Amino acid sequence: HLGAAGMTDKRKRDDTLAAHNVALHYSGRENQSVGQRQQSPIYHLRCLNNWVKSVLINAYVREKDRVLDFACGKGGDLTKYRKARVGTYTGVDIALESVRRDAVGRYNGGNYPFPAKFIAGDAFTADLTQHLPVKSYDVVSSQFAIHYSWSTETRARRALRNVSQMLRPGGHFIGTTVDSNVLVRKLRATDGMTFGNSIVEVTFDDRFKRKTFDAERGPFGLQYAFTLRDAVTDCHEWMVPRGAFVELANEYGLELVEWRNFHDFVHDKLGKGVDDGAFVDGTQAEGERAPRPGEVHGGKRAAHALWRSAMGGLSVRDETLTEDEWDAAHLYAVFAFKKAGAATAAAAA
């Protein structure tokens with residue numbers, strides 16, 4: 001039996017171990033050339049992910065905004081912020097080599113028109129007020145990363161506290177993360193504890209063999225193993241129950257603006273304004289079915305232009321997003337929160 005002090009020490013060790021494992025995983029990933037990326041079996045899924053991030057950034061980031069990027073990784077989103085014409089950029093990531101070797105190198109070699117700083121550290125455990133001025137950012141972004149903070153309540157709270165403390169009133173917290181509702185539905189639809197397809201595999205351990213996620217278990221530490229072909233293998237991730245996420249964010253003055261599964265997001269953004277059904281058939285009800293491979297990015301000029309824009313003009317060797325890639329995209333959601341309070345006149349200008 002652990003007393004209060006013992007439990008606190010154990011939580012700190014758990015937090016440190018979780019952060020360390022994530023850092024090791026991402027620091028160990030090898031860089032790929034453009035040619036290698038284009039030959040990847042998940043090339044078009046990566047294109048889709050980049051497109052979703054681009055659309056989300058363009059929706060909430062204004063010209064001259066000050067942006068703080070949690071889990072900036074190798075700086076892969078810098079080009080998106082160049083296109084958004086941000087005023088300043090700050091990237092934070094736990095993987096030291098990704099920051100020092102890749103993100104800084106990418107920025108220094110890219111002739112970016114905005115000043116940037118990079119911090120190697122864990123935005124989900126560190127008190128960022130010791131390193132950055134409070135209420136100084138218009139947008140905080142966390143792409144495909146906030147779920148790593150849900151290994152423990154302590155980490156989840158620190159992540160959202162940092163977001164709130166860094167954002168000015170009226171600023172936005174945007175990102176992409178796992179859609180726990182979809183994960184649970186897929187788990188319950190399979191006979192065992194593993195589900196997936198040719199490119200993705202998700203495995204829950206026997207702690208969840210009843211496939212129930214009730215209040216007694218709590219919303220934190222709901223771990224699973226995630227494998228994405230040509231990307232990650234058996235990486236530990238954690239579910240982020242939407243209701244608990246929204247409730248916890250509210251405690252830190254963050255009000256939900258938007259939460260949508262990738263499928264719904266794509267249907268909404270490309271189903272409108274693309275009159276030839278190039279990416280998805282806009283006449284279909286959202287979520288009615290997964291489009292057939294030929295419907296998803298079927299080579300039409302309008303959709304191709306959108307993809308080329310999102311990918312910085314790179315050519316596409318095969319203009320079809322496979323059904324398995326589309327199914328993998330279903331595992332994710334976009335979110336946006338707004339910091340409570342009125343924006344200052346300078347920020348609103």
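The values are calculated or read from the model by the stated rules, or taken from the named source; none is laboratory data. All values derive from a computational prediction rather than experimental measurement. Backbone-built Cβ (ideal geometry, glycine too); neighbour counts: all protein chains shown.
Within segment 22-70, the residues that satisfy the criterion of being at pLDDT below 65 and either surrounded by fewer than 14 Cβ atoms within 10 Å (Cβ to Cβ) or in contact with a Pro (Cβ under 8 Å, 6 or more places away or on another chain) (or both) are Leu24, Gly28, Glu30, Asn31, Gln32, Ser33, Val34, Gly35, Gln36. Comparison of Val139, Val134 shows that the only residue that is modelled with pLDDT of 95 or more, in a strand (DSSP E or B) and aliphatic (A, V, I, L, M) is Val139.
Can you tell me how many residues within segment 225-270 are in contact with a helix residue (DSSP H, G or I) (Cβ under 7 Å, 6 or more places away or on another chain), within 26 Å of Val200 (Cα to Cα) and aromatic (Phe, Trp, Tyr)? Within segment 225-270, residues that are in contact with a helix residue (DSSP H, G or I) (Cβ under 7 Å, 6 or more places away or on another chain), within 26 Å of Val200 (Cα to Cα) and aromatic (Phe, Trp, Tyr) number 4.
Residues checked against (1) farther than 24 Å from Lys53 by Cα; (2) among the basic types (Lys, Arg):
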residue	(1), (2)
Glu153	yes, no
Ala156	no, no
Arg161	no, yes
Leu167	no, no
Thr177	no, no
Asn181	no, no
Phe195	yes, no
Ile199	no, no
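Phe124 falls short on exactly one of the conditions (1) closer than 18 Å to Val61 by Cβ; (2) part of a loop (DSSP other than H, G, I, E, B); (3) touching an Asp or Glu at 6+ places or on another chain (Cβ under 9 Å), and that condition is (1). Within segment 106-125, is there a residue that is among the hydroxyl-bearing types (Ser, Thr, Tyr) and over 21 Å from Lys53 (Cβ atoms)? Taking every residue of segment 106-125 in turn, at least one turns out to be among the hydroxyl-bearing types (Ser, Thr, Tyr) and over 21 Å from Lys53 (Cβ atoms).
Could you count how many residues in segment 201-236 are closer than 26 Å to Leu167 by Cα and out of contact with any Gly (no Cβ under 9 Å at 6 or more places or on another chain)? Adding up the residues that qualify gives 1.
Under 9 Å between Cβ atoms, which residue pairs at least 6 apart in sequence (or on different chains) link something in segment 127-141 that is over 14 Å from Gly91 (Cα atoms) and without any contact (Cβ under 8 Å) to a residue 60 or more places away in the chain with a partner that is surrounded by fewer than 15 Cβ atoms within 10 Å (Cβ to Cβ) and of a type outside the set (Lys, Arg)? Sorted first by the residue in segment 127-141, then by its partner, the pairs are Lys135/Pro169.
With respect to Ile119, determine if the residue is aliphatic (A, V, I, L, M) and in a helix (DSSP H, G or I). It is false that Ile119 is aliphatic (A, V, I, L, M) and in a helix (DSSP H, G or I). The listed residues are Leu228, Leu248, and the only one of them that is touching a Leu at 6+ places or on another chain (Cβ under 9 Å), farther than 27 Å from Asp327 by Cβ, surrounded by 15 or more Cβ atoms within 10 Å (Cβ to Cβ) and touching a residue at least 24 places away in the same chain (Cβ under 8 Å) turns out to be Leu248.
Listed conditions (1) within 17 Å of the chain's Cα centre (by Cα); (2) surrounded by fewer than 19 Cβ atoms within 10 Å (Cβ to Cβ) are all met by Phe114, apart from (1). For segment 82-101, a residue qualifies if it is closer than 25 Å to Arg158 by Cβ and in a helix (DSSP H, G or I), and the qualifying residues are Leu96, Glu97, Ser98, Val99, Arg100. Going by what's in this entry, would Lys186 be described as in a helix (DSSP H, G or I) and surrounded by fewer than 24 Cβ atoms within 10 Å (Cβ to Cβ)? So Lys186 fits the description; yes. The strands (runs of 3 or more DSSP E) found wholly in segment 191-266 and carrying at least 2 residues that are under 18 Å from the mean Cα position of the chain (by Cα) occupy 200-203, 223-228, 232-238, 254-261.
Residue by residue through segment 242-274, note down the ones that are at pLDDT below 95 and hydrophobic (A, V, I, L, M, F, W, C). Scanning segment 242-274 gives Phe265, Val266, Leu270, Val274.
Selection within segment 142-166: residues that are assigned to a helix (DSSP H, G or I) and of a type in the set (Phe, Trp, Tyr). The member of this set that is nearest to Ala84 (Cα to Cα) is Tyr148. With the structure loaded, tell me whether Thr177 is touching a residue at least 24 places away in the same chain (Cβ under 8 Å), part of a strand (DSSP E or B) and surrounded by 19 or more Cβ atoms within 10 Å (Cβ to Cβ) or whether it fails that test. For Thr177, the condition - touching a residue at least 24 places away in the same chain (Cβ under 8 Å), part of a strand (DSSP E or B) and surrounded by 19 or more Cβ atoms within 10 Å (Cβ to Cβ) - is met.
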